[in-house]
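In what follows, a structure is listed as structure tokens, so that the remarks can point back to it.
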Amino acid sequence: MNGLMQQHDLLISSLIEFAARYHGDTEIVSRRVEGDIHRTTYAQVRSRAKQLARALDDFGLERGDRVGTLAWNGYRHYELYYGVSGSGRVLHTLNPRLHPDQIAWIINHAGDRVLAFDMTFTPIIQAIAARCPKVERWVALCEAQQMPAELRQAVPGVQSYEEMLAGQSDEYAWPSLDENLASSMCYTSGTTGNPKGVLYSHRSTVLHAYAAALPDVMDVSARDAVLPVVPMFHVNAWGIPYSSALVGCKLVMPGPALDGASLFRLMDDEGVTFAAGVPTIWLGLLNQMQEEGRKPRALNRVVIGGSAAPASMIATFQDRWGVKVRHAWGMTEMSPLGTACALKNKHLELPPEQRMAVQVTQGRPIFGVDVRVVDGQGADLPWDGASMGELLVKGPWIMSDYYESGQPSPLRDGWFPTGDVVTIDPDGYVHIMDRSKDVIKSGGEWISSIELENIAMAHPAVAMAACVAMPHAKWDERPLLVVVKRPGAQVTASELLAFYEGKVAKWWIPDDVRFVDAIPLGATGKILKNKLRTQLIEPASAGA
Ligand code: ADP
């Protein structure tokens with residue numbers, strides 16, 4: 001017997017309709033590339049997203065056609081999120097930190113017909129335009145008079161976004177779409193081989209938006225002012241552009257100004273209560289807070305994800321500044337949130353050290369995400385908080401295949417292998433020990449590079465730390481610690497190695513420490529271990 005409930009497709013357009021109707025005057029504040037602050041509202045975003053949809057109709061874009069974006073977090077990008085997907089086209093966000101060759105490759109692979117870009121990225125556009133024959137329209141996210149003459153010369157037919165919207169009516173009925181249609185796409189960073197395209201659907205996006213807003217995940221409400229530091233060009237800023245409309249919170253977008261001082265000022269001025277970003281961003285903000293001797297006035301919680309949050313960072317936010325930290329894990333292949341570390345009542349009674357041991361894990365699965373941990377043969381490992389294996393995931397916002405990769409689907413019996421090495425505890429808290437390619441294999445056993453990095457980060461002289469596998473004749477691989485010192489700090493290799501005593505098994509302690517000026521970071525703010533390893537490995541370093 002079927003239920004007698006109505007059947008409605010879950011559509012992205014319904015999110016902006018909801019926000020415009022019930023939170024129409026709630027502000028969306030953006031720092032623009034020009035440096036000034038711009039203010040709009042959900043009602044105005046809906047209006048302009050509809051104008052955009054009409055302009056795309058005029059361009060002759062069909063359902064399913066791709067519109068690429070190379071843009072920071074800002075209101076025009078936000079309008080594209082809704083105008084493109086809402087009208088049945090696919091929003092393809094591109095990561096501008098990738099090499100231009102890779103960006104051109106991705107645009108061609110995705111078959112983008114329109115490409116909208118912030119003025120900051122004009123040099124990239126000039127370099128790649130001639131190599132992207134499928135792009136029919138180049139749209140600069142600015143006023144017509146802001147477009148430099150050389151851009152018009154280099155990219156014939158380039159148009160400004162404001163020109164494109166001007167004169168379009170905002171009378172537009174969002175199409176009724178099948179919720180399983182593609183709504184947006186994002187390519188993985190391609191640290192291993194060519195980037196691979198992930199194609200999200202309306203259904204997966206709306207379900208994820210609900211889940212991400214839950215109290216034990218991001219915990220956002222209409223009373224919040226939310227600042228996604230995490231970029232809208234990578235995995236849809238962890239779904240915040242959608243969850244914010246779903247709850248109707250104020251949205252504050254930092255544009256290109258991601259340094260600690262600019263973030264602090266914007267958060268302070270706009271009364272930001274909640275922000276989300278990767279650990280490298282928080283290092284900058286924490287330094288600024290230290291300098292100012294206070295936190296941005298209304299900030300009360302942050303989500304940290306993308307890379308492991310060190311205990312020292314969590315403790316500084318919480319104990320020094322009274323800002324609650326929620327650690328979270330996810331990936332491009334899954335919209336992206338998979339787990340979030342909300343404590344249970346029983347954890348609140350634990351002594352601080354044991355509570356922190358829970359907080360450094362990436363947390364428990366969100367309803368909608370199933371997890372398993374398996375050994376090399378695919379057999380399930382116990383959830384004992386100690387057995388390390390690969391994490392597999394399954395659920396309605398997890399990818400079933402890459403977009404036209406020419407390879408068979410990576411799924412194993414319906415489960416997506418994440419490539420992350422984890423332990424899971426009896427309560428289901430997942431602890432990421434490493435990516436499988438970064439784990440250090442010493443004498444047949446695994447050493448977690450993340451764990452070693454987190455310990456080093458707790459040392460007062462360490463600004464940033466990375467741990468990489470070095471080839472070793474007897475043990476195959478041994479850990480080498482690479483450290484950037486804090487300005488003016490003094491510390492020796494042996495002092496740092498002594499710092500590990502009693503914190504990990506003896507054989508986990510790195511063999512040596514290398515001090516460097518900078519650690520290479522990838523396009524999503526993560527340490528580029530491959531690059532670091534090649535920089536460090538000289539033939540002489542293969543120990544005996
Ligand atoms: P890429 O960085 O290759 O573009 P993603 O942005 O999709 O890929 O990153 C996903 C990966 O980032 C995960 O598979 C995991 O290795 C890592 N990651 C994400 N969140 C965390 C976290 N909180 N702690 C440790 N690693 C994390």
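The values are calculated or read from the model by the stated rules, or taken from the named source; none is laboratory data. A quick note: this is a predicted structure, and the numbers were derived from the prediction, not measured. Glycine also receives a Cβ, built like all others from the backbone with ideal geometry; neighbour counts cover every protein chain displayed. These area figures cover heavy atoms from the full protein model, side chains too; ligands, DNA and RNA do not enter into them. Shrake-Rupley method; radii C 1.70, N 1.55, O 1.52, S 1.80 Å.
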Exercise for review: Using only Cα atoms, tell me the angle between helix 279-292 and the longest principal axis of the chain; keep it within 0 to 90° and round to the nearest 10.
Suggested key: 90 degrees
Point to revise | 4 °C / 1.567 mPa s Stokes-Einstein diffusion coefficient of the chain, Kirkwood radius on C-alpha pairs, µm²/s | key: 53 µm²/s
Exercise for review: First check a/c for segment 1-138, with a ≥ b ≥ c the square roots of the eigenvalues of its C-alpha gyration tensor; if it is under 1.5, answer rounded, and if not, answer prolate when a/b is larger than b/c or oblate otherwise.
Suggested key: oblate
Exercise for review: Return the lysines within reach of K506: Cα separation strictly under 26 angstrom, same-chain partners fewer than 8 residues apart disregarded; answer none if there are no such residues.
Suggested key: K437, K441, K474, K485, K529
**Study point:** Overall form of segment 440-544 per C-alpha gyration tensor (a/c, 1.5; a/b vs b/c)
**Key:** oblate
Practice item. Treat each spin label as a single point 7 Å out from the Cα along the C-beta direction, and report the A173 to E150 distance in nm. Key: 4.9 nm
Check your understanding: Over segment 312-351, what is the mean sequence separation of C-alpha contacts under 8 Å (at least six apart), divided by residue count, expressed as relative contact order in percent?
Key -> 24 percent
Study note, to complete from the structure: On the formula 1/(1 + (r/R0)^6), with r taken between the Cβ atoms of R63 and E495 and R0 of 60 Å, the FRET efficiency rounded to 0.05 is 0.45
Practice item. State the percentage of accessible surface on segment 12-198 attributable to carbon and sulfur atoms; use a 1.4 Å probe and exclude ligands, DNA and RNA. Key: 47 percent
Check your understanding: Hey, how many Å between the Cα centroid of segment 94-109 and the Cα centroid of segment 357-414?
Key -> 28 Å
Practice item. Give the percent of DSSP beta bridges with both residues in segment 1-155 that are antiparallel, rounded to the nearest 5. Key: 30 percent
Exercise for review: Pull up the cross-link candidates among the aspartates and glutamates for K503, meaning alpha carbon to alpha carbon under 19 Å and not fewer than 8 places away within one chain.
Suggested key: E353, D434, E445, E451, E453, E495, D511, D512
Check your understanding: Could you name the lysines in cross-link range of K250, using Cα to Cα under 29 Å and dropping any fewer than eight places away on the same chain?
Key -> K50, K295, K324, K344, K526
Review point. Of all DSSP beta bridges in the chain, what percent run antiparallel (nearest 5)?
Key: 55 percent
Practice item. Excluding V29 itself, calculate the net charge of residues whose Cβ lies under 15 Å from the Cβ of V29, where each Lys or Arg counts +1 and each Asp or Glu counts -1. Key: -3
Exercise for review: Give the calculated FRET efficiency between T120 and L4 to the nearest 0.05, with a Förster radius of 56 Å applied to their Cβ-Cβ distance.
Suggested key: 0.60
Exercise for review: Pairs of Cα atoms under 8 Å, at least six residues apart: use those to get the relative contact order of segment 440-544, whole percent.
Suggested key: 27 percent
Point to revise | Rg(Cα)/(2.2 N^0.38 Å) for segment 7-47, N = residue count | key: 1.43
Practice item. May I ask for the angle, rounded to the nearest 10°, between helix 100-110 and the longest principal axis of the chain, with both axes built from Cα atoms and the value confined to 0 to 90°? Key: 60 degrees
Check your understanding: Which whole-Hz ³J(HN,Hα) couplings does segment 16-28 yield from phi under the Karplus relation 6.51 cos²θ - 1.76 cosθ + 1.60, θ = phi - 60°, glycine and proline marked x?
Key -> 6, 4, 4, 4, 5, 6, 9, 9, x, 9, 6, 7, 10
Review point. Does segment 170-264 classify as rounded, prolate or oblate by the C-alpha gyration tensor (a ≥ b ≥ c root eigenvalues; a/c under 1.5 gives rounded; else a/b over b/c gives prolate, otherwise oblate)?
Key: oblate
Check your understanding: Relative contact order for segment 12-198: what is it in percent, counting Cα pairs under 8 Å that are at least 6 residues apart?
Key -> 22 percent
Review point. Can you give the calculated 222 nm mean residue ellipticity of the chain, where each DSSP H run of n ≥ 4 adds -39,500 (n - 2.57) and the sum is split over every residue, rounded to the nearest 500 deg cm²/dmol?
Key: -8000 deg cm²/dmol
Revision key, fill the gap. Distance in nm between R412 and Y22 label points, each 7 Å along Cα→Cβ, equals 4.2 nm
Exercise for review: Return the distance in nm (one decimal) between the two label points of a simple spin-label model at A473 and Q290, each offset 7 Å from Cα along Cα→Cβ.
Suggested key: 4.2 nm
